[in-house]
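Single-structure report; data block below.
The values are calculated or read from the model by the stated rules, or taken from the named source; none is laboratory data. Because the structure is predicted, anything quoted here is derived from the model rather than measured. Methodologically, a virtual Cβ is constructed for each residue, glycine included, from the backbone with ideal geometry; neighbour enumeration extends over all protein chains shown. The accessibility values were calculated without ligands, DNA or RNA, using every heavy atom of the protein model including side chains. Shrake-Rupley method; radii C 1.70, N 1.55, O 1.52, S 1.80 Å.
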Amino acid sequence: MSLNSSVDAISADLSENVAAQNATLHRKIGWQGAFWVASGVPALVLFSIGAIAATVGKPAWMIWAISITFGFIQAFTYAEIAGLFPHKSGGASIYGAVAWVKYSKFIAPVSVWCNWFAWSPVLAIGSGLAAGYMLSALFAPDAVINTWQLTLLDLGMIKDGLSLRINATFILGASVLLTVFFIQHGGILRSAKTTMILGVIALIPLMLIGLVPLITGDSAQANFFPLAPLAHDAAGNVIDGVWGIEGWKLMAGGLFIAAWSTYGFETAVCYTREFKNPKSDTFKAIFYSGLLCVAVFTLVPIAFQSHLGLGQMVTPAVVDAAGVVVTPAVYSGMLEASIYSGMGVAAAFSDIVGGGKFIGNLMIIMMVLALLLAIMTSMAGSSRTLYQASVDGWLPKYLSRVNEHGAPTSAMWTDLCFNLILLMMSDYVFVLAASNIGYIIFNFLNLNSGWIHRLDRPNWERPYKAPLILITFGGILGYVNLAIMGLGADIWGAGTLKTGLIFTALIIPVFIYRHYIQDKGVFPKQMLEDMHIDGHEDGVSNRAGILPYLAIATGVALVWYMHSL
């Protein structure tokens, strides 16, 4: 059974009609439930820890510490704006869109869209890595099951070597996605219970990995210092680089890609509409999720780098008479090819704990469960962003349908189909980097929405009110993120920034279709009332004036300048 969510959230909460209540998301969890759903975020360290280490070199551990610090500061802004709208789901992008919509109909949906296409690829990348871990553990690298491939489409015009293909990783990864879909089809309460079980199992290896080197004292100083960017000499040997513009580009690229993981615990506020007590649960959910992420994103990269070391060239590259590389150079340590792709990260982590083949395989199984947890977190959060954006009039109407369990199944099906395409991509690191363009734009818009809400809604009740200095730092970090994106995004592929910006622009025709064709230029009634943008609400004004436009213009100029360096 599928119900169209034509009933707004406030009316549903107050209604005694069971059918009306069931037509929207259900209030069934406390902050602990959201904490466990968001506990998949620490597993996102598995997605890019290898790529960052293999690209940046010895400063890699610092990148994670700096990035999670940025993310924790930003979380206080998100906790405040989420408390303003206890009847809304979908996360910070939805709450931030309210601030921008009075200044432009088109900026607000960009925020929501960017948040969705940044979070959604977790499904494809996570299931692909989980499949790769399982295949690597069960079969030799040169086994037929690991080497066969059917190429469907060459995407070299986007990035060299990129293609759509079907192989064993895709088939096994698709099975993982369908399993997660089935679990989440039962609603938020079943999802929260499942993620609590998975969270306990999956977080154990991550914490062990982070703590073992501290307990044993096995941390070689040479693996961390000197803090010089990665470089190679003419022969391909690894050397310490210098802090010129190229070195800072590597650092910016590392911070750029790490943000996709370390900022992710903001998903804890996606479930405001499903909290039993949203006024108190919202802040607790994001705060305690943040503390967990601080521990994992600080300790695990240090342990990883301590164990592997930077690495050196094992076999030089083979070139033909024209100087074209036929076979790339082979490196050890963090520079090993499977570390960059992520497929060798589970094996490296299992070596940290030690204990032989059995313990190693057990650790790999637990890593797969950690990835499954991350996929569940992403499907829960990204589908609710699509759902609420549809209810509010940003995205097509069909996305606002829920089933009898209160699960946004139309949005979940959309997520699933989109990610089956991404799962066929041959380069997951590029997919991650391109989607992160949207995530940085989302963070910029929503960190600035904090001060816009303060100016335009000064008298609104705020269950949690962040200190002014944290709102200010959040706004500043919005520009820091844009600078990092402009300077470092393209180290992950020459077309990364352009591809991400093109995908960002796709919201414009989608929004035009929904707003001007489906809704005839008028927002849904419940959206006008709940978001207080009909121009007749007490306590709401446009006090920010021209400042939001100046903020956008400054951000665009900053990205252009940093990208031109």
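Evaluating 6.51 cos²θ - 1.76 cosθ + 1.60 at θ = phi - 60° for every residue in the stretch 442-459, the Karplus couplings come out as 4, 4, 4, 5, 7, 5, 6, 5, x, 6, 5, 4, 4, 6, 8, 10, x, 9 Hz, glycine and proline recorded as x.
Couplings 3J(HN,Hα) of the stretch 98-105, computed from phi: 4, 5, 8, 5, 6, 9, 6, 5 Hz, in residue order, whole Hz [Karplus 6.51 cos²θ - 1.76 cosθ + 1.60, θ = phi - 60°; x for Gly and Pro].
Using a cut-off of 30 Å between Cα atoms, the listed pairs 249/357; 105/284; 102/465; 105/498; 102/397 include 249/357; 105/284 as exceeding that distance. Amide H to amide H distances under 5 Å link residue 425 with 165, where only residues 5 or more positions off or on other chains count and H is placed in the peptide plane. Extending each Cα 7 Å along its Cβ direction at residue 227 and residue 498, get the distance between those two points in nm, one decimal. If labels sit at residue 227 and residue 498, their model points lie 3.5 nm apart. Put simply, when 421-430, 244-253, 479-488 are sorted by average Cβ atoms within 10 angstrom per residue, most first, you get 479-488, 421-430, 244-253. Karplus-based coupling profile of the stretch 323-334, in residue order and whole Hz: x, 7, 5, 8, 10, x, 5, 10, 10, 9, x, 5, with θ = phi - 60° in 6.51 cos²θ - 1.76 cosθ + 1.60 and x standing for Gly or Pro. Take each peptide in 101-111, 115-125, count the other Cβ atoms within 10 Å of every residue, and average; sorted highest first, the result is 115-125, 101-111. Computed with a 1.4 Å probe over protein heavy atoms only, the accessible surface of the stretch 343-398 comes to 27 Å² per residue.
Relative protection proxy for 368-378, 145-155, 287-297, from highest mean packing down: 368-378, 287-297, 145-155 (other beta-carbon atoms within 10 angstrom). To put it simply, the accessible area of the stretch 330-403 at a 1.4 Å probe is 68 percent carbon and sulfur.
Projecting the Cα atoms of 389, 435, 407 onto the dipole axis of the stretch 382-465, where Lys and Arg carry +1 and Asp and Glu carry -1 at the beta carbon, places 389 farthest toward the positive end.
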